[in-house]
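What follows is one structure encoded as structure tokens, with my remarks underneath.
The values are calculated or read from the model by the stated rules, or taken from the named source; none is laboratory data. Computed from a prediction, not measured in an experiment: that's the story for all the values here. Heads up, the Cβs are rebuilt from the backbone with ideal geometry, glycines too, and the neighbour counts pull from every protein chain shown. Surface accessibility is based on the protein's heavy atoms, side chains included, excluding ligands, DNA and RNA. Shrake-Rupley method; radii C 1.70, N 1.55, O 1.52, S 1.80 Å.
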Amino acid sequence: MASAPPTIMSAQAEDSGVIADILADAFQQDPCMNWAVPLPAIYRDFYRFLATSLYLPNGLVFMDDQQRAAAMWLPPGADHRVPVGARQLSLVLRLVLKRGPGVLSRLNQAQAVMEQHHPREPHYYLHAIGARRSQQGRGLGSALLKHMTQTLDAERVPAYLESSSPQNLSLYQRHGFEVTGEAPLGPGGPTLHFMWREPRETGV
């Protein structure tokens, strides 16, 4: 007997810790994350900072009802740039103290590459999606993507994401995203793939 599909729900402010736990675990071995932020010990604080300062107040954050997977989106018109403040500076300081000042060039290079390729036309932006490593391969990412692509198609609005792992390209392509370009995050760094999705006719 097939298992029931995951139930997707909107995350609230009080879920920020759970969202951070999920995404920190999901990105522990992500090639782009490991290159730009080579200190997995701060990933949980990093994703909690993003969730509480940007995505929960201004965007759309989802998780499954068993807290196994999560996704963070921004709607058209929302500023995707990370807000500068004491919490961000604290994270950067921890990174520098552990990995040395040279890591700042990697962060700046990664941010420059992402900004250079970020579309200017209105779109939904998928910043992060992932499942806990023990729960990967169970269709949770597909369920999260389908939940949001239904909205994209109903509103007739395109979407954009950066795929930080080549293993995920086929997943995004199954949900209508197409690779529009690619670039290394920096000299000798891993490749980031830029993907765009035009809205589909409802039911297609």
task = Count the net charge of all other residues whose Cβ sits under 14 Å from the Cβ of residue 54, scoring Lys and Arg as +1 and Asp and Glu as -1.
result = +2
task = Can you pull the one-decimal nm distance between simple spin-label points at residue 115 and residue 67, each 7 Å off the Cα toward Cβ?
result = 3.6 nm
query = Taking +1 at the Cβ of each Lys and Arg and -1 at the Cβ of each Asp and Glu, which of 7, 172, 188 sits farthest along the dipole of the chain towards its positive end, judged by Cα position relative to the Cα centre?
reply = 188
remark   = Averaged per residue, the 1.4 Å probe accessible area of the chain, protein heavy atoms only, in Å², is roughly 50 Å²
key: Listed residues 180, 202 arranged by accessible area, highest first, probe 1.4 Å   = 202, 180
request  = Work from the charge dipole of the range 53-132 (Cβ charges, +1 for Lys and Arg, -1 for Asp and Glu, about the Cα centre) and give the residue of 76, 125, 107 farthest towards its positive end.
outcome  = 107
inquiry  = Rounded to the nearest percent, how much of the accessible area of the chain (1.4 Å probe, protein heavy atoms only) is carbon and sulfur?
reply    = 52 percent
Sum of side-chain charges, residue 157 neighbourhood, beta-carbon under 11 Å (Lys, Arg +1; Asp, Glu -1) = -2
The range 1-158 - Rg over Rh from alpha carbon coordinates, Kirkwood radius = 0.97
key: Loop trypsin sites (Lys or Arg not before Pro), the range 77-117, which have at most 11 other Cβ atoms in a 10 Å radius of their Cβ (DSSP)   = 81
ask   = Expressed in nm², what is the orientationally averaged projection area of the convex hull enclosing the Cα positions of the range 66-204?
value = 10.0 nm²
